[in-house]
Amino acid sequence: MAILDVPNWVRILLLITSAISFIPQLLRTISRKNSTGISSFYVLFNLISTTEQFALTFFFIVNYPKDSDFFVHNPKNAGDWINFAQMSVIVVLWLTYFVVCLYLPSDHRDCSVKVAIGTYITFLLVSVIPVFSDAAFASRGPDRRMEMDIFFGVHSQFLSWIITSFNVVAVYFQLKETRLRPQERALSGLGLAVQAVIFTVVAFSWVGRIKFPYPDGEIPWTFLSTWYQLVGWATVNNGIFALGQAILLWIIAGHRLDEQVYGETEPLLRA
């Protein structure tokens with residue numbers, strides 16, 4: 001069971017608003033006709049994070065070869081499929097932005113196009129490709145169950161922790177790029193503000209969107225590691241992303257305020 005039950009209409013609303021939140025940044029980058037000021041690592045690491053979340057959700061929805069005690073309900077309900085749609089839409093939008101940023105010219109890339117594409121393809125080979133291949137070709141025997149258990153064990157015990165750190169590192173690279181090139185105004189303040197709010201709500205909503213055997217009474221701290229490995233990565237990764245967007249918004253707002261103050265005081269200094 002979940003701590004709270006998020007209604008399906010709320011899930012659908014969050015799905016729609018999450019998708020809309022990408023529009024300001026996409027339009028800003030396309031209208032500028034270049035991706036200068038956008039860190040390639042920022043886009044790549046966020047894409048990898050959302051791809052990992054999509055792969056794990058696909059695993060539970062499609063590949064999991066036994067009745068699940070967590071993440072999805074038995075039988076799967078409409079809410080589980082809306083959760084899957086949420087992950088699918090977000091990874092498609094990040095992939096779209098990834099392609100746009102690599103296609104458009106840039107005066108400076110902190111990660112080359114070849115390295116970015118090669119890194120992402122390599123990650124696909126250990127995330128999406130295994131679950132897609134299993135769904136398309138694997139038999140329903142004991143070997144399949146073992147293979148999928150290995151897949152989930154590797155991702156939950158090791159890769160998920162690394163992917164979560166990517167969310168933090170992504171913010172670092174974009175902060176570095178923004179501070180080096182504040183005049184580019186590459187980030188949409190509206191997009192950052194909307195995403196900071198929407199994905200904060202999305203992060204908290206995951207606690208009530210997925211099945212998990214929470215213990216009765218007070219939850220011990222040692223339980224948090226198990227929670228994160230099995231289902232908590234959805235809450236944590238979305239929460240870090242929301243916090244990162246808020247930090248970026250604060251930084252660019254400070255830069256633009258400094259520019260405004262300088263523009264107003266410069267004539268007085270020359271007088």
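Computed quantities for the displayed model
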read-out	value
Filtered residue count, segment 1-49, keeping only those that are within 17 Å of the chain's Cα centre (by Cα) and modelled with pLDDT under 95	0
Residues being on the phi > 0 side of the Ramachandran plot and either in a helix (DSSP H, G or I) or among the charged types (D, E, K, R) (or both) - total across segment 210-222	0
Test set (1) at pLDDT below 95; (2) under 22 Å from Arg185 (Cβ atoms) - Asn74 fails condition number	(2)
Per-region count, segment 202-238, residues of a type in the set (Gly, Ala, Ser), in contact (Cβ under 8 Å) with a residue 12 or more places away in the chain and surrounded by fewer than 19 Cβ atoms within 10 Å (Cβ to Cβ)	1
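The values are calculated or read from the model by the stated rules, or taken from the named source; none is laboratory data. Being a predicted model, the structure only gives us computed values, none of them experimental. Cβ: placed from backbone, ideal geometry, glycine included. Neighbour counts: every protein chain shown.
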